[in-house]
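Data first, discussion second: the structure below is written as C-alpha cells.
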Amino acid sequence: MDIYKILKFNNYIKSHRIKFFGLWLLSVLDKRYLAIQFDPVLACNLRCKMCYFTDDEYVRANMKGIFQEKDLEALAQVNFKNALKLQIGCGAEPTLFKHNTKLIEIAKNHKVPYISMVTNGNLLDQKDIADFAQAGLNEFILSMHGVTKETYENLMDKGVYEKFHEVLKNITEQKKQNPNLKLRINYTFNEDNFHQLKDFFNVYGNYAIDIIQLRPIDKIGETAYDNFSLKAIEKDYAEVSGFLKNESHQRGITFLFPKTIAREENESYIVKTENNSSYLLPYTYCYVSPKYHWKDDFNWKEESFADWKKRNHWNTLLFKNIFISKKELEKPNRNMLNYTVELN
C-alpha cells in the first residue's frame, strides 16, 4: 500500500460529504481507516529548540512514562485491525524504546498495511535499521532542522550532524536489500533555516530519499526558539519551494509542502492549501502513549474499540456529519497542516 497515493486521492476529493460517507461506510464494515500515532516512550535524547522538550514546565508535567512490553499485544488487539497506518513516534523519540522490533512484528501480524517511524535518528545504528526493516517497517521518517552542520546542531541541541549523515547512509544501503523501504525527510523551517533549503540537494542529494516534507514552525509551548514569524521568507517562499518541487520531480521524490504562506489580519503567518481536511482528524487520528489512547473516555484495557463506538453512537455521528456544513465541522478543530502532494 502506498500511503502517499491515498493522500493525493484525498486531495482530489473536495467534498467533505463524500469523505464522511466513506468514513461511515468503513466504520460500519469494521474496516481500516485509523492513522495510529504511537509514542511508546515519553522522552527524547535531544533538546531541539523548536520542540516542547525545551519547555521544562511542560516536560515535568507531561513527558513521563514508558509502554510495557507485555502490553503490546493487548494494545494491538484493541484497534490495529482498524489501522490503515501505524506511526511509531509522534511527539517523543521512539528509539529510546527497547522493543520496537517486537512492536513492528506485532503490527505486521495484525496486517497493518503501512508502518513508519519518526525519529531524529541520532540513536539508530546499522543493526537497528536492518532489524526494523526486516521486521516489516515500511518507512523511516527522519526529522531535521538545518542543512548545514552549524544550523543543524544549533537547532537540534545535542544532535550530531555526522551521525545524522551516517544514518542516512546506512538507510540508503539497507534500501538496496529492501527496495520497498522508504526514506522520508521532515524539515521544520523558520526564518533562520529556510533559505538553506536551496542547498539541500548539494548536501543530501546522494542519499536514497523518497519523500521530502516541509513543515513551518508552530508554537508548541514555551520553547527555546521563539521566533514564530515567517515574514522574512514570505517573498521567497514560492521560489524556494518551487525549486525543491522541480528538483524533487526530476529525482522521482514525493514532495509534501504547504502551497503558500500568507498574512492574516493579526500579522501572523499561516500556511494555505487547496484542500484543508483538518475536520477529519477527530475521526481518523488515534494518538496512543503510556498515558493516553484515542479519546478521553476510552480505557483500552477494559473496553474494546467496537464497544466504545457503540456506546458513543460513533457510526451515527459519522453519518450525521455528511449533512453538516464544512464550516461547522471546522469550528472546534485546530487548523492542522495539510499538504500539497507531488507524486512522480
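The values are calculated or read from the model by the stated rules, or taken from the named source; none is laboratory data. No experiment lies behind these values; they were computed from the predicted model shown. Here the Cβ is made from the backbone with ideal geometry for all residues, glycine too, and neighbour counts use every protein chain on show. The accessibility values were calculated without ligands, DNA or RNA, using every heavy atom of the protein model including side chains. Shrake-Rupley method; radii C 1.70, N 1.55, O 1.52, S 1.80 Å.
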Neighbours by Cβ (under 9 Å, 6+ apart or cross-chain): first from the range 277-302, over 27 Å from Cys44 (Cα atoms) and of a type in the set (Phe, Trp, Tyr); second modelled with pLDDT of 95 or more and open to solvent by 30 Å² or more (accessible area, probe 1.4 Å): Tyr283/Leu317
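Could we say that Val160 is aliphatic (A, V, I, L, M) and closer than 27 Å to Ile115 by Cα here?
On the way: aliphatic (A, V, I, L, M): yes; closer than 27 Å to Ile115 by Cα: yes.
Answer is yes for this residue.
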Scope the range 107-118; condition open to solvent by less than 10 Å² (accessible area, probe 1.4 Å) and more than 16 Å from Ile171 (Cβ to Cβ); matching residues: Ala107, Val112, Tyr114
Whichever residue in the range 119-161 is closer than 23 Å to Gln196 by Cβ and of a type in the set (Gly, Ala, Ser) and, among such residues, is most open to solvent (accessible area, probe 1.4 Å): Ser143
Qualifying residue in the range 191-213 (condition: of a type in the set (A, V, I, L, M, F, W, C), under 27 Å from Asn62 (Cβ atoms) and crowded, with 20+ Cβ neighbours inside 10 Å): no
Where a residue in the range 47-61 is surrounded by fewer than 17 Cβ atoms within 10 Å (Cβ to Cβ) and its partner, wherever it lies, is assigned to a helix (DSSP H, G or I), with Cβ under 6 Å and at least six apart: Arg47/Phe53; Arg47/Thr54; Tyr58/Tyr52
Matching residues in the range 221-235 - criterion: being touching a residue at least 40 places away in the same chain (Cβ under 8 Å), open to solvent by less than 70 Å² (accessible area, probe 1.4 Å) and either in a helix (DSSP H, G or I) or not polar (S, T, N, Q) (or both): Gly221, Ala224, Tyr225, Phe228, Leu230, Ala232, Ile233
Positions within the range 169-187 being open to solvent by less than 30 Å² (accessible area, probe 1.4 Å), in contact (Cβ under 8 Å) with a residue 40 or more places away in the chain and either more than 22 Å from Ser229 (Cα to Cα) or out of contact with any helix residue (DSSP H, G or I) (no Cβ under 8 Å at 6 or more places or on another chain) (or both), in sequence order: Asn170, Ile171, Gln174, Leu181, Leu183, Arg184, Ile185, Asn186
Residue within the range 299-307 that is in contact with a helix residue (DSSP H, G or I) (Cβ under 8 Å, 6 or more places away or on another chain), of a type in the set (A, V, I, L, M, F, W, C) and at pLDDT 90 or above present: yes
Only one of Lys102, Lys85, Lys98, Lys64 that is under 17 Å from Met117 (Cβ atoms) and assigned to a loop (DSSP other than H, G, I, E, B): Lys98
